[in-house]
Amino acid sequence: MSENKFYDQSAKDVIKLLSSDKDQGLTAAAAADLLAKYGHNALNEAKRTTLLQKFINQFKDFMIAILAVAAVVAALTGEVVDAIFILLVVVLNAIFGVFQESKAEDAIEALKQMSTPNANVLRDGKVLSVPATDLVVGDIVLLEAGDIIPADLRLIDVSSLKIEEAALTGESVAVEKSAGVLRAKNPGLGDRHNMAFMNTNATYGRATGIVVATGMQTEVGHIANMLEQTEETATPLQMNLKQLGKTLTYLILVISLIVFVIGMLKGAENFINMLLTAISIAVAAIPEGLPAIVTITLALGTGRLAKKNALMRRLAAVETLGSTQIIGSDKTGTLTQNKMTVEKYVVDNQVYDAERSIEGDATAERLAVVMALNNDTKRTEEGLIGDPTETALITFNEKQNQDLDSLFDRMGRVAEIPFDSERKLMTTVNNHHGKYLITVKGAPDELLRRTSQIEIKGKIQPLTEENRQQLLEINHELAQQALRVLAFAFQNSDEVPGKMTSKLVEQNLVFAGFVAMIDPERPEVAQAVKEARQAGIRPIMITGDHRDTAAAIAIRLGILTKEQGPQAVITGAELDKISDEDFNDRVTQYSVYARVAPEHKVRIVHAWQKRDKIVAMTGDGVNDAPALKTADIGVAMGITGTEVSKGASDMVLADDNFATIVNAVKEGRTVFANIQKALQYLLSSNLAEVMTLFVMTIMGWNLFVPVMILWINLVTDTFPAIALGLEPTEPGIMQRPPRGKSSSFLSDGVGPAIVWQGIIQSLTVLSVYALAVAFPDHPGSQMLIHRDALTMSFMTLGLMQLVNAFNVKSVYQSILRVGPFKNKYFNGAILISLLSMAIVVLVPGLNGIFHVSDLNLHQWSIVLAASFSIIVVVEIVKLCQRKFFKKI
């Protein structure tokens, strides 16, 4: 972006500074030299990595790397099945990672695709149509309604030009442009009325401008540069998994080493068998299925969200939604409909809702005729085309069942004075029963100065000072409600004025009425805001629109209360005067940010993140892209959103419905809760295995052989854990406060539950072993006694883990309350795992492979009683927790 501001210099000075000519433009030779020197008017190519590089990068995760090593070791020690399973998990995780990357690359590419293909430019005194990429600084560009601005321009000549800049500034109303010098110090983008910015749209009028910036030097280029420099924010899920993986891996490796050393010192096994046992403990204890379970749970959550019109671009972002504490929402097109709508009209000095029928009301019918005739909207097969304000007036007439085609046929336009930003009026002259009707619309204060009469109840009478003051008061009240007010007047004439000048035509008018418009809020948003607040989430509005408009919409939506008032609203200009330190301290005071630039949005997100808040940012425009990428989760609009905002986002709302975010938050919380359940199940089971083997080693008892450990690990860890990821949403999940960054998978009682449930399982298994040795069914043979004891403890360990899977459906609630059999996938997974454990003992041919013996009815009854005892113990503990710690 050029250091020269241009808006504070005259057009003549800018042309001279850039060595151009208003009437001739640049010469072809000069343009070619500048193009060769500074390059094309295009955005930089995004730096892209190859698929192979992306794939290799996936293995930088510590836990994944350890799992890959464990797979190799398992394969070298003969445990091929386990090695294949681990490798499959690792490779699938890497493939998913590759497909979920490169948001910044997509965003920059989308910015490039927005470039306009051609532009009308003046060179060597001739108007040429050239590729927009060939424009250079100093080119004189001709603009008309419907054009996409091809580069950043300083406007030279302006004729009623209006530019829709919502995608860049967030302002919903098209901006009226002028060529005069701006005297304001550092005005925001939306207030630079003598500038036109690349990739915005001319909706009305025409103009000539000189190119002052191209490519990466434009305002859009500045945003692209911000996107390139913005770092990806790791999601809470990714940070939790990374930290958990490191902690578990180190701990398990240490325990395995201790077991190996103690076993060797006690002479429990020979070196090779003890090494295999230690490796088996490590492989069994590391929850190698966790990455796959997390990926599958997130993918299933993503599928459910897609059916609810929320499309996830990153799997991990599903969980992030559940921990969101702040939602920073763009106003235009997100909270509002991005469509100007007539909300009220004023006739006979009375304010009426737009839904009120005008039929039979002579004054209101006159107002409708004036607003329809004083209008440049075009009707096409695609709909109404024109300035959003004018299309809103036509839409109002259509809703009032006015026959506009007949009106335009009868009262065709014969002359006009186009709108301009200095006098703030537009006038048309239309046929009217052999005579002429002059219609005028414009700013209320300007139009009232030129009116001398008023129509009340269908009768024209003098406009008294009392009437005038009453109308000005009504205008003020409507403006305070963030309504954009247009005034309308008319005059009957026997002939077309000889000179169409403001001085001759726009005088002694008859006041017809006011029309008050607004970009209305989406009907479902207020309820969504209310639900978000109930869920402990704070919504804030971040917009390029004016302070009063933003505040009024925020109050209507419940983001602001009337009591909070102006102190909860801050503008971009005011924000510039506050240091980062002060703003970080004061950020909680503000719920509405008005007239902000892209830099401000990023700064706001950073301020909340510095307070350890998880921030979601919604938006639809190019200006939102850097903040969408900076936020913990970026949410783009699918219908009105630009490809740039979608490319920078984590989630796209297919229906542009703010309420969809609330559903997504609910799904995100469910996903995290289900991952917690799977983790609690896996880690409590693995802890039981490790503790059991550790104590057996210390006691000098016979140890589970590696195939036993790996079989339990394979059978009990896989399907039940995945099925827990499919658990339905727990009641009241949206009445809980967000977890926040300080929480982890082990929060909310999950960590303690893993420990005490793992200990209970281990003590139970060890007790079964001791009981089988103390009261054997084969008293004469020590070998058979210990083989039976090992078989019984092996089966108890496997079955108890599967039974405990029912307990982890809720940390505190009874399994009877959460419904133990509601999840059909879970029921099937448990059944398959139970059969897989049982066949090892029941099928004679497998006994030798797994080093187990046949069990009689008495032994089976001990195994089953011990396995199901975990339910009784856990239910008693949960009851005490609910009673004494008020956990529900």
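Throughout, read-outs are computed from the coordinates displayed, never taken from laboratory work. Treat the numbers as computed from the prediction; the structure is a model and nothing was measured. Cβ atoms come from the backbone with ideal geometry, glycine included; neighbour counts cover every protein chain shown.
Some notes on this structure:
- Contour minus Cα-Cα distance for Q527 and I698 (0.36 nm per residue): 55.4 nm
- For the range 548-651, the Cβ-based charge dipole about the Cα centre amounts to some 180 debye (Lys, Arg positive; Asp, Glu negative; other atoms uncharged).
- Fewest-first ranking of V622, V587, V261, using other Cβ atoms within 10 Å as the exposure measure: V261, V587, V622
- Each peptide in 377-389, 125-137 was scored by the mean count of other Cβ atoms within 10 Å over its residues; highest first, the order is 125-137, 377-389.
- Rounded to the nearest 500, the helix-only mean residue ellipticity at 222 nm of the chain stands at -15500 deg cm²/dmol, with each DSSP H run of n ≥ 4 adding -39,500 (n - 2.57).
- With R₀ fixed at 56 Å, the C-beta to C-beta distance from L472 to V72 puts the FRET efficiency at about 0.10.
- Here the contact order of the chain, divided by its residue count and restricted to Cα pairs under 8 Å and six or more residues apart, works out to 13 percent.
- The range 483-526: trypsin sites (Lys or Arg not before Pro) in DSSP coil with no more than 14 other Cβ atoms inside 10 Å: K499
- Taking a ≥ b ≥ c as the square roots of the Cα gyration tensor eigenvalues, the range 341-518 comes out rounded, since a/c falls below 1.5.
- Simple Cβ-charge dipole of the chain, Lys/Arg +1 and Asp/Glu -1, about Cα centre, in debye nearest 20: 2120 debye
- Whole-Å distance, taken between Cα centres, linking the range 344-383 and the range 512-573: 27 Å
- Computed FRET value (nearest 0.05) for Q567 with M264, which takes r as the C-beta separation and R₀ as 51 Å: 0.10
- Interchain or long-range residues, amide H under 5 Å from T200's placed H: I149
- Looking at the chain alone, DSSP beta bridges between its own residues are antiparallel in about 75 percent of cases.
- Listed residue pairs exceeding 26 Å between alpha carbons, taken from K741/K824; K339/K378; K246/K601; K610/K809: K741/K824; K246/K601; K610/K809
- Relative packing of peptides 847-854, 435-442 - highest average C-beta neighbours within 10 Å first: 435-442, 847-854
- Burial ranking of peptide ranges 558-565, 155-162, 815-822 (average Cβ count within 10 Å, highest at the top): 155-162, 558-565, 815-822
- Counting only aspartates and glutamates at least 8 places from K459 when in the same chain, those with an alpha carbon closer than 17 Å to its own are D348, E359, D361, E365.
- Legend: calculated FRET efficiency, K883 to H858, from the Cβ-Cβ distance at R0 = 30 Å, rounded to 0.05, equals 0.20.
- One chain, two ends: I639 and T380. Fully extended at 0.36 nm per residue, the span grows by 91.2 nm beyond their Cα-Cα distance.
- Over 32 Å between alpha carbons, listed pairs K307/K883; K5/K162; K666/K878: K307/K883
- Of the residues A368, M411, T464, the one whose Cα sits farthest towards the positive end of the charge dipole of the range 341-518 is T464 (charges of +1 on Lys and Arg Cβ, -1 on Asp and Glu Cβ, taken about the Cα centre).
- Simple spin-label estimate for V873 and L835 gives 3.0 nm between the two label positions (7 Å along the Cα-to-Cβ direction from each Cα).
- Point-to-point label distance, A362-S129, nm (Cα→Cβ direction, 7 Å offset): 5.3 nm
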